[in-house]
1. Can you tell me which residue is surrounded by the most Cβ atoms within 10 Å (Cβ to Cβ) among those in the range A:180-205 that are in contact with a Pro (Cβ under 9 Å, 6 or more places away or on another chain) and within 10 Å of chain B (Cβ to nearest Cβ)?
2. Considering the range A:18-60 alone, what residues qualify as being more than 22 Å from A:ILE108 (Cβ to Cβ) and away from ligand 2 (no atom under 16 Å from the Cβ)?
3. Where in the range A:266-360 are there strands (runs of 3 or more DSSP E), lying fully within it, with 3 or more residues that are of a type outside the set (A, V, I, L, M)?
4. Please give the number of the condition A:VAL280 fails out of (1) under 23 Å from the mean Cα position of the chain (by Cα); (2) closer than 21 Å to A:ASN112 by Cβ.
5. Select from the range A:152-173 the residues that are under 30 Å from A:ILE139 (Cα atoms), surrounded by fewer than 17 Cβ atoms within 10 Å (Cβ to Cβ) and more than 9 Å from every other protein chain (Cβ to nearest Cβ) and list them in ascending order.
6. Within the range A:8-20, is there a residue that is away from ligand 3 (no atom under 16 Å from the Cβ) and either part of a loop (DSSP other than H, G, I, E, B) or within 14 Å of chain B (Cβ to nearest Cβ) (or both)?
7. What residue, of A:ALA299, A:ALA366, A:ALA293, is loosely packed, with under 13 Cβ neighbours inside 10 Å and at pLDDT 90 or above?
Amino acid sequence: MHIDTLYLKQFRNYKQMGLDVDNTINLILGENAQGKTNMMEAVYVLAFAKSHRTSKDKELIQWEEDFARIEAEISRKTGPLSLEVIISSRGKKTKVNGLEQRKLSEYIGALNVVMFAPEDLNLVKGGPQLRRRFIDMEIGQISPVYLHNLTLYQRVLKQRNQLLKNMFPVPDHEQEMMLDVLTDQLARAAAQVIVRRFSFLRMLAPWSQDIHRQISREKEELSLTYVPTAEVSEGMDLSMIEEKVKEKLMQNRQNEIRRGVTLSGPHRDELSLCINNKEVQTFGSQGQQRTAALSLKLAEIELINDNIGEYPILLLDDVLSELDNHRQSHLLHAIEGKVQTFVTATGVNGVEHQTLKKASTYYAEAGTLRQVK
Amino acid sequence: MQYPAPISKLIDGFMKLPGIGPKTASRLAFYVLDMKEDDVLEFAKSLVNAKRDLTYCSVCHHITDTDPCRICDDKERDQTVVCVVQDSKDVIAMEKMREYSGLYHVLRGAISPMDGIGPEDINIPDLLKRLQDDQIQEVIVATNPTIEGEATAMYLSRLIKPTGIKVTRIAHGLPIGGDLEYADEVTLSKAMEGRREL
Ligand SMILES: Nc1ncnc2c1ncn2[C@@H]1O[C@H](COP(=O)(O)OP(=O)(O)OP(=O)(O)O)[C@@H](O)[C@H]1O
Ligand SMILES: [Mg+2]
Ligand SMILES: [Zn+2]
């Protein structure tokens, strides 16, 4: 897919900005704090209806204004689409071809975006919540149903955690019964989430393995394993998984009441990565961890193409200069000619790759973008 | 801008209603000023009367001007089935469909620990009492298809099952997250037919 035009109104430091995009590779240069990341963020928000760097939508609205709007015309295999996200103090609205979408899960997926920023280099060595977020975001954009189930799970989880807190120190009979109910409800939602995560990782693994092998010049085998908190495994059917999740919750029941929180389930599950059978989180060198992170991101691009029949938009914010020559080449070679990409950098130094020579170049300065090539 | 006291009081009154902000409230208030005095009096009277004359039925907790309500009082209705709903508006939606002739029980809410609402905060204890004295053989749970509505249904089922009374849940041709109130009558009657045992 391809973004043809982009229009920002009162978004971060952009008062008003329109852009015609006619190239596959687009390089955005500029000093610090001029609006490079803001522009990438706008594309991200257009895809996910939320930011990659803040959970507070209001921060996106230009200071002193009361709304922000992002519009884009995009081309997909199935035809052109016009997309719109409006954020105001009263909430947010999303529109496809001018029609307001009642639910976020109906909107998300209209535009597919993969973002790779310096913080993603921590995907492998950072905390487990980063890897869970990675899985959730990626499945979410190819499966609205997953997004729906995940939201459901999170809501039941909140209810259950609150109940657990209310139960301490002496639960009454009604609360015990209500905990049974919420345990059933949580296990049912959990099973849906877990099944989908298993199948996602099964599809992602061969891609990431392949890509990692190439970047490491055939020296390293990357493998992905889902490490669940309940005694579940791939191959099990939905009702079996539900049963096992419930079993685990039952086992921890007293402990959970004491601690006032749910101790097992998808919100505690982990994704483990191994290189040549050694866990990268623990034993990998920094270079290996970065390569693994890059492999995962590139695998994701291929997987989206596999699932929906076209490549997503790629956003590379400030990350190119963080990669050595060899990894840079690999990345740019992998996307060349097929993935519309927006790349930011403070200067051309360190990003002199052949592919970038063909790019359209823009210059960001104080909330404006000017095409220079 | 400073309004004269009577009108700012009126604006304030409108603003207490759901979905009405300051702009709409002052528009309504100024509209009232232009209305005929008789119409205003009539309107004021119906507001007060609605509040004064309507109470909750002591049996089923539906809003009513007689106690017990007309539905509870109607001996023609099937006394062996009770349909449990979250809200009086749901009773009205069901009655419009004219396919159901049993009794109702209005919970006036759903269990939600996050909102501090437990079983004893909605009319569940009362429902249990009803089930003891009456000749009720089936309870149809028609709480909303939301997480809290579902949890309430599951809770009721666990509570009532041991008494030997049949508990069913209406089938969801209904949108999840939607309120019963908005479901059209066709979906509702389908949902009623396809109810399953809990
Ligand atoms: N809501 C907002 N309204 C107006 N300006 C904002 C808002 N939020 C952030 N900014 C401004 O945007 C600028 C940051 O822009 P951005 O993060 O895009 O920088 P950048 O070009 O990516 O810089 P770097 O090279 O340092 O990453 C800051 O100067 C900040 O003051
Ligand atoms: Mg930046
Ligand atoms: Zn009644």
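The values are calculated or read from the model by the stated rules, or taken from the named source; none is laboratory data. Treat the numbers as computed from the prediction; the structure is a model and nothing was measured. Methodologically, a virtual Cβ is constructed for each residue, glycine included, from the backbone with ideal geometry; neighbour enumeration extends over all protein chains shown.
1. Restricting to residues being in contact with a Pro (Cβ under 9 Å, 6 or more places away or on another chain) and within 10 Å of chain B (Cβ to nearest Cβ), the top hit is A:LEU182.
2. A:GLY18, A:LEU19, A:ASP20, A:ASP22, A:ASN23, A:THR24, A:ILE25
3. A:270-275, A:341-345
4. Against the list (1) under 23 Å from the mean Cα position of the chain (by Cα); (2) closer than 21 Å to A:ASN112 by Cβ, A:VAL280 comes up short only on (2).
5. A:GLN154, the sole residue that qualifies.
6. Within the range A:8-20 (the criterion being away from ligand 3 (no atom under 16 Å from the Cβ) and either part of a loop (DSSP other than H, G, I, E, B) or within 14 Å of chain B (Cβ to nearest Cβ) (or both)), the answer is yes, since at least one residue qualifies.
7. So the residue among A:ALA299, A:ALA366, A:ALA293 that is loosely packed, with under 13 Cβ neighbours inside 10 Å and at pLDDT 90 or above is A:ALA366.
Here's the yes/no breakdown for (1) β-branched (Val, Ile, Thr); (2) closer than 25 Å to A:SER239 by Cβ; (3) in contact (Cβ under 8 Å) with a residue 12 or more places away in the chain:
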residue: A:VAL156; (1), (2), (3): yes, yes, yes
residue: A:GLN159; (1), (2), (3): no, yes, yes
residue: A:ASP172; (1), (2), (3): no, no, no
residue: A:MET177; (1), (2), (3): no, yes, no
residue: A:GLN185; (1), (2), (3): no, yes, yes
residue: A:GLN192; (1), (2), (3): no, yes, yes
residue: A:ALA205; (1), (2), (3): no, no, yes
